[in-house]
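As structure tokens, the structure follows; a few thoughts come after it.
Values in this text are rule-based calculations from the coordinates and carry no lab data. For clarity, every value in this text was computed on a predicted model and none was experimentally measured. Every residue, glycine as well, gets a Cβ built from its backbone with ideal geometry; the counts of neighbours run over all protein chains shown.
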Amino acid sequence: MEHEHELVRKPLPNARFEIRECLEKQFEVNRFFYQFVGRHWNWNDKLSWSDKQWQDYAETPNRRTWIAYVDNSPAGYFELSKNSDNIVELDYFGLTERFVGKGYGGGFLSLAIEAAWQWNAHRVQVNTCSKDHPGALKNYQARGFRLYKTVTDTPN
């Protein structure tokens, strides 16, 4: 997404949904939500990481993490990272299983994209793959993202 005005916001289904940024970086939080949200989508590339690898990844100034709550219960999370060109990437985004399919995805993604633009982004981007929710790409495109590149893995 090249410009903030390209964001097609979707409202949340109720006012009991909120996000809060984790201002005190704690790699254990990132690891917990990666596992909690990602276990339903086979996110497994970081499951074998050591504490040191998680700390190096999560506790850097160029990474920020938000947790979503519905009725004060954890409902999902997202992580943003920013490179030296002020390109902000939505690295991880997802809802916990209990909150999937209840109409929160589009509104939650809208909040994540707004947070990315508020971080002085030159551009906001996201990568998705077959290990994400089957509706992820459709949701990203509905919010204003455009397909940039498609990569297909070939069997060895």
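Taking amide hydrogens as modeled 1.01 Å from N in the peptide plane, which residues meet the under 5 Å criterion relative to Val100, leaving out close sequence neighbours?
Amide H neighbours of Val100, under 5 Å, 5+ apart: none.
Need one number: nm distance between label points at Glu21 and Arg39, each 7 Å from Cα along Cα→Cβ, rounded to one decimal.
3.0
Determine the shape class of the stretch 41-93: with a ≥ b ≥ c the square roots of the Cα gyration tensor eigenvalues, call it rounded for a/c under 1.5, and otherwise prolate if a/b is greater than b/c, oblate otherwise.
oblate
Pop out the ³J(HN,Hα) list for the stretch 92-107 in order, Karplus 6.51 cos²θ - 1.76 cosθ + 1.60 with θ = phi - 60°, rounded to Hz; leave Gly and Pro as x.
Couplings: 9, 7, x, 9, 5, 3, 5, 10, 6, x, 10, x, 8, x, x, x Hz.
How large is ³J(HN,Hα), in whole Hz, for each residue of the stretch 66-72 in order, when computed from phi with the Karplus curve 6.51 cos²θ - 1.76 cosθ + 1.60 and θ = phi - 60°, using x for Gly and Pro?
Karplus-based 3J(HN,Hα) across the stretch 66-72 equals 10, 10, 9, 10, 10, 6, 6 Hz.
With θ set to phi - 60°, apply the Karplus curve 6.51 cos²θ - 1.76 cosθ + 1.60 along the stretch 45-55 and write out the HN-Hα couplings as whole Hz, x wherever there is a Gly or Pro.
Once θ is set to phi - 60°, the couplings for the stretch 45-55 become 5, 10, 5, 8, 5, 7, 4, 4, 4, 5, 5 Hz.
Using modelled backbone amide H atoms (1.01 Å from N, in-plane), which distant-in-sequence or interchain residues come within less than 5 Å of Ala75's amide H?
Under 5 Å from the amide H of Ala75 lie the amide H atoms of Ala68, Tyr69, Val70, each far enough along the sequence or on another chain.
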